[in-house]
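The values are calculated or read from the model by the stated rules, or taken from the named source; none is laboratory data. Predicted model only: the values in this text are computed from it and were never measured. When we count neighbours, we look across all protein chains shown, and the Cβ atoms used for this are built from the backbone with ideal geometry, even at glycine.
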Amino acid sequence: MLSEIVGVLYIHELKTGVNSVGFAIIKNLPIGEVDVTPDSDIEYFNRTNRDRLSETILVGVGELLGVIFSYCNEKQGILVNNIVPRENSKNIQSSNGSSLVLPLHTEDCHQFPYAPDFIVLFCLKGEVGEGVFTNILNPRNIINSIPSNVIDILCQPLFLTTPPPVYGGRNNRIPQPKPILYGWNPEWQVMVEFNDTKGINHESNEALEAFKTACLESDDLYRLHLQQGDMVILDNNKLMHGRGGFLHRSVLSVAGFNVLR
Ligand SMILES: [Fe+2]
């Protein structure tokens, strides 16, 4: 069912929440000249030849969805965030890494209630074939299959999410315990990063593990192979996403940013 809607543009339906799937893909968008993959954010920030065409398209789509914004403590607050794996971080589970899987997560859930409503990714450099893949999962169906006592625990403030390293270090801020599940059936909102969220006791860790297992074993886990010129818009209130590992750091360059409705 999901594959049938790939390639269809539903920006308005995403914005209003009518699109129950929660994501849309636009293919074959034009991009300008994409330089070699830089090895650091500083190198990227200092560039004068960033691709203005793709950034303009990104900002235009973002403005159709809502208000684009960034966090001042993430990569110097740059608005259009170029996600380029770094050579010296390739074995780290992070957006700066490459060889390891980046587990399913809600974008910036450690910022909740100020997490983005949407994220928009625009592939500037991709790999043909299997290569790099992006995972997308709507966890709402899965939650219905979880025992109610586990749901009750996931709804309690028993979980800590450590900010990722791109926020300037994990030692600067002490996270406060929060729930993983917000809202009510069927409009559940999930705020979790499987890489960085931990329970504060044995019971909450068991509930988290049960939820994680149900997500990873789900038949609804959708695998998307982004290629040059592909844009994907994700509703961060409905979906989780992640990425597979890959061999060649230079094959991935994705520009993206956050949108508030
Ligand atoms: Fe992400």
Legend entry - Residue that is farthest from Gly17 (Cα to Cα), among those in the range 59-80 that are away from the ligand (no atom under 15 Å from the Cβ) and of a type in the set (S, T, N, Q): Gln76
Legend entry - Answer from Val59, Val18, Val6, Val34 - the residue that is hydrophobic (A, V, I, L, M, F, W, C) and at pLDDT 85 or above: Val59
Inset, instruction - Could you grab me the full set of residues in the range 189-215 that are touching a helix residue (DSSP H, G or I) at 6+ places or on another chain (Cβ under 7 Å), crowded, with 19+ Cβ neighbours inside 10 Å and in a helix (DSSP H, G or I)? - result: Ser204, Ala207, Phe211, Cys215
Inset, instruction - Could you tell me whether the range 139-151 includes any residue that is crowded, with 18+ Cβ neighbours inside 10 Å, in a helix (DSSP H, G or I), basic (Lys, Arg) and at pLDDT below 95? - result: yes
Inset, instruction - Scan the range 99-134 for residues that are in a loop (DSSP other than H, G, I, E, B), modelled with pLDDT under 90, in contact with a Leu (Cβ under 7 Å, 6 or more places away or on another chain) and crowded, with 19+ Cβ neighbours inside 10 Å and jot them down. - result: Val132
Legend entry - Conditions (1) β-branched (Val, Ile, Thr); (2) surrounded by fewer than 16 Cβ atoms within 10 Å (Cβ to Cβ); (3) farther than 24 Å from Thr16 by Cβ; (4) in contact with a strand residue (DSSP E or B) (Cβ under 7 Å, 6 or more places away or on another chain): number failed by Thr56: (4)
Inset, instruction - Taking Ile83 as the residue in question, decide whether it is within 16 Å of the ligand (Cβ to nearest atom) and in contact (Cβ under 8 Å) with a residue 24 or more places away in the chain. - result: yes
Inset, instruction - Considering (1) of a type outside the set (Ser, Thr, Tyr); (2) under 30 Å from Ala214 (Cβ atoms); (3) over 14 Å from the mean Cα position of the chain (by Cα), say which one Lys75 fails and leave the rest. - result: (2)
Legend entry - Failed condition for Asn19, given (1) under 30 Å from Lys212 (Cα atoms); (2) surrounded by fewer than 19 Cβ atoms within 10 Å (Cβ to Cβ): (2)
